[in-house]
Amino acid sequence: MPEPTLNVLIEFLSEIPFLSEVSSKSLYNLCKESEQASFIKNEVIVHKNEVGNSMFAIINGKVKVHDKSHIYGTLSNGDCFGEYALIDNETRSASVTALEKTKVLIIKREQFLDLMASDSGFAQGILAVMIKRHRELDTIQERLATSKQDMEIANNKMSSLINGAMDAIIMFNSNFKIVLTNPSANHLLENEDVLQRNILFFFDDNSANLIEGIVKSGLENNTNTNKYLPKIVKVIGSNETETLNEGTISKYGIGSKTFFTLILRNIEERLIAEDKINLLTKQTQYLEEEIKELTSSYGIIAENTAMKQVLNLIQQVAKTDATVLIHGETGTGKELIARAIHKESDRNHKPLIRINCGAIPNNLIESELFGHKKGAFTGATADRKGRFLLADQGTIFLDEIGEMPLELQPKLLRVIQEGEFDPVGSSETVKVDVRIIAASHRNLLEFSKEGKFREDLFYRLNVFPIEVPPLRDRGSDLLLIANEMLEQFSKKLNKPITNLTEGDKNLLSAYHWPGNVRELQNLIERAVIVSENGAINWHAIIPNVSISLETQVQNNTQRILTINELNLFEKENILKALRLTKWKISGKNGAAELLQMPPTTLASRIKSLGIERPI
């Protein structure tokens, strides 16, 4: 081989990785013993399974490494193949064919081994390359081991995630054969051995057709999918248990290696809860409509002029944010008035928060109204919002405001004036926007003069006073309310009641009703409960029954009254005098002067007739 050609080949061989550590002198010796060969396009250079004895270095051209039609890759200028044929007698693992006219340098095993034996520099260079490759192989193996460990950790995490999922996870192939399930899926399908079973067998016909259609569509489109099931599907377990489920289906892979993952969630409990909510909603709507039918004007029956005036006051003040003070005897319906004001106000989309100031111990009412911070006092184990904060943007109804402790009243005054307060145990000021409605059966002005109620607080509360008349002063409203309550309790207790007779009406009208509408409600409920065959013995129901005998005397002047009837008549007459004099017995304009009898005699008759002043 000419010297210039040898120099080119030496430079060429030095670029080949397998010979990169060999000296030029040794490469010169290798080139002298090597031969060149040319191959035309599609000519096979190396046959698979033949025993190799040469290494090939491509000087120019291009070849393919393949096994029949399967191509592993291509090689071109500067690449080499068949290195291991220089040191072993194994058969070729693949074929090599020229893709175009290709020229190669052929290094025979015999020449290679001779040089390894006779040329220490050549042997040293080849060993250096082999050692370098071995080290690189060690590094690759370490990385593979690390990657394997990472894959095992990732696989364990994925398995834990799948097996711990509450949703049923089912993987199946393109033939609908189940290949993987989690415990939730086995529970849903009621079977621990479902692998290789047809998943469609676990659905009703409509659901099976739906899933089959989605799978076939995914196979035809040949694209990965991930979608929600468009309809609820019915799963039928191996024990014939039927459940309704919603879910998703996803596809991955191609051809025969296509798989689908179905994730199902049992919605039976949710559907039952939704049905119950719908039923309760309908019942609530029905009851609301029924209440509307049974009541009018916010549930207040008002034919009496005084009560109509109360309704008129409600209409006037409701749309404002003015503080309202409702006064009236116990049981007159002060809370009903407060509800009506809130309902007609612009704050009706927010809550009406109610609190009875007389029903809460003095040491707890401040915390109840304004809240407290954790640790503010013994037992305050957590922060608590007070009623004023709950009523923000809404209305608060302070019933029996006259019972509020004096030491707490300045704090309430601050809320009314400034719209702010400090929770118990907190230095942080809280701002609120609350409409205040207060109520009391006491005369707060007199209370303030006695030092039992702050006068400045009274005037702040008394911006818009409403006086609720007692039931005894509401004329025909008494019988209208009684009839309404009789009808309501008759339906509630499922006990038909006959209409009130004239005698019954006289009995009801003659009674003083110290407990007002609340007492009337309680007595009528008791009357309906103890009624027999629709009849009510009102004489046994109404305490200290007192019939207005004046009406009976006018209707029958010839009738002789019994001693009991005379006592009842006297009692009613004394009660009238006491009401007129506001229960003043002696002195000028007292009941004794009005009845023209000594005060001591009147006091004795009051005691003997069992007359008591209402609270």
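Observations, loosely collected:
- Helices (runs of 4 or more DSSP H) fully within segment 533-615 counting 1 or more residues that are at pLDDT 75 or above and exposed (fewer than 13 other Cβ atoms within 10 Å of the Cβ): 538-541, 563-580, 599-608
- Residues in segment 379-419 that are more than 16 Å from Val432 (Cα to Cα) and either part of a helix (DSSP H, G or I) or of a type in the set (Gly, Ala, Ser) (or both): Gly379, Ala380, Ala382, Ile401, Gly402, Glu403, Leu406, Glu407, Leu408, Gln409, Pro410.
- So Glu303, is it among the acidic types (Asp, Glu), closer than 27 Å to Val517 by Cβ, open to solvent by 80 Å² or more (accessible area, probe 1.4 Å) and modelled with pLDDT under 90: yes
- In segment 425-447 there is at least one residue matching the filter, namely being more than 22 Å from Lys385 (Cβ to Cβ), among the charged types (D, E, K, R) and in contact with a helix residue (DSSP H, G or I) (Cβ under 8 Å, 6 or more places away or on another chain).
- Flag if Ser256 is modelled with pLDDT under 90 and under 30 Å from Ala340 (Cα atoms): no
- Scanning segment 175-192 for residues that are without any contact (Cβ under 8 Å) to a residue 40 or more places away in the chain, touching a strand residue (DSSP E or B) at 6+ places or on another chain (Cβ under 7 Å) and either open to solvent by 50 Å² or more (accessible area, probe 1.4 Å) or over 21 Å from Ile214 (Cα atoms) (or both) yields Lys177, Leu180, Asn182, Ser184.
- Thr381 passes every criterion in (1) touching a Lys or Arg at 6+ places or on another chain (Cβ under 6 Å); (2) open to solvent by 60 Å² or more (accessible area, probe 1.4 Å); (3) of a type in the set (S, T, N, Q) apart from (1).
- When segment 203-223 is filtered for residues that are of a type in the set (A, V, I, L, M, F, W, C) and either within 37 Å of the chain's Cα centre (by Cα) or part of a strand (DSSP E or B) (or both), the ones remaining, listed by number, are Phe203, Ala208, Leu210, Ile211, Ile214, Val215.
- When the criteria are applied in full, Thr261 meets the requirement of being among the polar types (S, T, N, Q) and open to solvent by less than 40 Å² (accessible area, probe 1.4 Å).
- Residues that are open to solvent by 40 Å² or more (accessible area, probe 1.4 Å) and on the phi > 0 side of the Ramachandran plot within segment 419-458 comprise Gly425, Gly451, listed in sequence order.
- Selection of segment 69-78 for residues being without any contact (Cβ under 8 Å) to a residue 24 or more places away in the chain and of a type outside the set (Val, Ile, Thr) yields Ser69, His70, Tyr72, Gly73, Leu75, Ser76, Asn77.
- Comparison of Ile326, Ile341, Ile337 shows that the only residue that is in a strand (DSSP E or B) and buried (at least 20 other Cβ atoms within 10 Å of the Cβ) is Ile326.
- Close Cβ contacts (under 9 Å, 6 or more residues apart or on different chains) running from residues in segment 351-368 that are open to solvent by less than 60 Å² (accessible area, probe 1.4 Å) to residues that are aromatic (Phe, Trp, Tyr) and not in a helix (DSSP H, G or I) comprise Leu352/Phe397; Ile353/Phe397; Ile355/Phe397; Ser367/Phe377.
- If the condition is being exposed (fewer than 15 other Cβ atoms within 10 Å of the Cβ) and either assigned to a helix (DSSP H, G or I) or in contact with a Lys or Arg (Cβ under 8 Å, 6 or more places away or on another chain) (or both), then segment 501-517 contributes Glu502, Gly503.
- The residues on offer are Asp204, Asp114, and the sole one that is among the acidic types (Asp, Glu) and at pLDDT below 90 is Asp114.
- Cross-chain or 6+ apart pairs with Cβ under 7 Å, segment 207-223 first and open to solvent by 50 Å² or more (accessible area, probe 1.4 Å), then not in a helix (DSSP H, G or I) and not basic (Lys, Arg): Leu219/Ser174; Leu219/Thr258; Asn222/Ile254
- Filter result for Ala376 (of a type outside the set (Ser, Thr, Tyr), open to solvent by less than 10 Å² (accessible area, probe 1.4 Å), in contact with a helix residue (DSSP H, G or I) (Cβ under 8 Å, 6 or more places away or on another chain) and not in a helix (DSSP H, G or I)): no
- Phe172 aromatic (Phe, Trp, Tyr) and either surrounded by 17 or more Cβ atoms within 10 Å (Cβ to Cβ) or not in a helix (DSSP H, G or I) (or both): yes
- For segment 401-418, the count of residues that are over 24 Å from Phe464 (Cα atoms) and surrounded by 15 or more Cβ atoms within 10 Å (Cβ to Cβ) is zero.
- Selection of helices (runs of 4 or more DSSP H) fully inside segment 1-119 by the criterion of at least 1 residues being farther than 28 Å from Ile131 by Cβ and open to solvent by 70 Å² or more (accessible area, probe 1.4 Å) returns 3-14.
Condition check ((1) without any contact (Cβ under 8 Å) to a residue 60 or more places away in the chain; (2) assigned to a helix (DSSP H, G or I); (3) surrounded by 16 or more Cβ atoms within 10 Å (Cβ to Cβ)) across all residues:
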| residue | (1), (2), (3) |
| --- | --- |
| Arg460 | no, yes, yes |
| Ile466 | no, no, yes |
| Pro469 | no, no, yes |
| Met485 | yes, yes, yes |
| Lys495 | yes, no, no |
| Asn499 | yes, no, no |
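The values are calculated or read from the model by the stated rules, or taken from the named source; none is laboratory data. Given the structure is predicted, the values throughout are model-derived calculations rather than measurements. Virtual Cβ from ideal backbone geometry, glycine too; neighbours counted across all protein chains shown. Accessible surface is based on the protein model in full, side chains and every heavy atom, while ligands, DNA and RNA are left aside. Shrake-Rupley method; radii C 1.70, N 1.55, O 1.52, S 1.80 Å.
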